[in-house]
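Here the structure comes first, spelled out in structure tokens, and everything after it is commentary.
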Amino acid sequence: MNSILILDLDGVLITTPPWRADEMDSDGYSKFNMNCVNNLNTFLSLSDFEIWLSSSRRTVKTLTEFNKIFENRNIKSCIHAFLPEYPDCKTRKDEILRFINEHKTSDFLIIDDDKSLNGLEERYKEKLILTELQKGFDKEKLKLAIRKIEQRT
């Protein structure tokens, strides 16, 4: 099995401030920050990842629709699956921990801006690239992500 990349959208690829409505792309979906997309493509070219979408937006589109959105924005990898929706999980941290435990995986990275992830145990937190809402997956976070994949080999 490939490494798993648990990927959020808002604050990672979509960097619109919360007080502004999303700008729409030609396909009618929110525009992605193209610098962040380029950084993600660079990162994905360095290692094989199965992308599991953790964004709350995963509840309003199908996997096929999201893969078309990724294709329209020139993201070079497709989404493998959505993180399951766990009704009893109250935070992103809880969802991710449950997913990791259910899939018994230790080979993963998380790219997300959700501050609840600061509460992860250190062994999980070392696999986290915590982005900032309006900066997203910028050059600094790309460098950090590259260091993290180099450390695991």
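The values are calculated or read from the model by the stated rules, or taken from the named source; none is laboratory data. Since we're looking at a predicted model, the values are computed, not measured. Note that each Cβ is placed from the backbone with ideal geometry, even for glycine, and that neighbours are counted across all protein chains shown.
Numbers below:
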read-out: The listed residue being farther than 22 Å from residue 17 by Cα and in contact (Cβ under 8 Å) with a residue 60 or more places away in the chain, out of 40, 63, 44, 83; value: 83
read-out: Residue check, residue 51 touching a Lys or Arg at 6+ places or on another chain (Cβ under 9 Å) and in contact (Cβ under 8 Å) with a residue 40 or more places away in the chain; value: no
read-out: Out of 69, 100, 111, sole residue that is under 12 Å from the mean Cα position of the chain (by Cα) and not polar (S, T, N, Q); value: 111
read-out: Residue 112 surrounded by 15 or more Cβ atoms within 10 Å (Cβ to Cβ) and either touching a Ser or Thr at 6+ places or on another chain (Cβ under 9 Å) or small (Gly, Ala, Ser) (or both); value: yes
read-out: Residue selected from segment 20-48 under the condition of a type in the set (A, V, I, L, M) and closer than 17 Å to residue 142 by Cβ, by the criterion surrounded by the most Cβ atoms within 10 Å (Cβ to Cβ); value: 40
read-out: Criterion violated by residue 126 - all others in (1) in contact with a Leu (Cβ under 8 Å, 6 or more places away or on another chain); (2) charged (D, E, K, R); (3) free of Cβ contacts under 8 Å to residues at least 60 places away in the same chain satisfied; value: (1)
read-out: Where a residue in segment 97-120 is over 23 Å from residue 13 (Cβ atoms) and its partner, wherever it lies, is of a type in the set (D, E, K, R) and at pLDDT 95 or above, with Cβ under 8 Å and at least six apart; value: 119/93
read-out: Test: residue in segment 12-19 that is free of Cβ contacts under 8 Å to residues at least 24 places away in the same chain and more than 21 Å from residue 140 (Cα to Cα); value: yes
read-out: Qualifying residue in segment 57-66 (condition: basic (Lys, Arg) and crowded, with 19+ Cβ neighbours inside 10 Å); value: yes
